[in-house]
1. Hey, among ALA74, ALA80, which residue is among the small types (Gly, Ala, Ser), farther than 22 Å from SER114 by Cβ and in contact with a Cys (Cβ under 7 Å, 6 or more places away or on another chain)?
2. Restricting attention to the range 23-46, which residues are under 17 Å from ARG71 (Cα atoms) and of a type in the set (A, V, I, L, M, F, W, C)?
3. So the check is Cβ under 6 Å with 6+ separation or different chains; which pairs have a first residue in the range 1-17 that's modelled with pLDDT under 50 and a second one that's outside any strand (DSSP E or B) and open to solvent by 60 Å² or more (accessible area, probe 1.4 Å)?
4. Checking GLY10 against (1) open to solvent by 30 Å² or more (accessible area, probe 1.4 Å); (2) under 19 Å from VAL107 (Cβ atoms); (3) not aromatic (Phe, Trp, Tyr): exactly one of these is not met. Which one?
Amino acid sequence: MAEDSEDHLGEADGQGRIRLDSQEAPAAYQVRAIRSEGDDYNILVSVMASRDWLLDNGFVKSVDLIRQNGREAAMYFDGALDVGDNIAVRLTCEEGFSGSEDQFLSVYPEFVASVKPGVA
């Protein structure tokens, strides 16, 4: 259960790429942010990826997500991926962030429209 001091900022979508070794594929991703105390944020990034693309490219533990602002994050699958998994699998990472709202928006521009309506 979330504590009263947490403020769910919501979810935002982005378009990026996943990279495994030297192979890349386009990927839509989602960022979920919760502001905890002060200027601290808990961030969950998730992306749906093709199981077959991952396996064909030698997926073992993680891939890099290159977000729309060029920042990279290592994305992980919960468990061992094999052909018995769904054809699209969710990869996730959790991040922490501390800073002002403007600093947050520079690191997570996916939220600009939802946190500051009318700004694109």
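The values are calculated or read from the model by the stated rules, or taken from the named source; none is laboratory data. This structure is a prediction, so every number in the text was calculated from the model and none was measured. Neighbour counts run over all protein chains shown; Cβ positions are idealised from the backbone, glycine included. With ligands, DNA and RNA removed, areas are computed over all heavy atoms of the protein, side chains included. Shrake-Rupley method; radii C 1.70, N 1.55, O 1.52, S 1.80 Å.
1. ALA74
2. ALA25, ALA27, ALA28, VAL31, ALA33, ILE43, LEU44, VAL45
3. SER5/GLU37
4. The number of the failed condition is (1).
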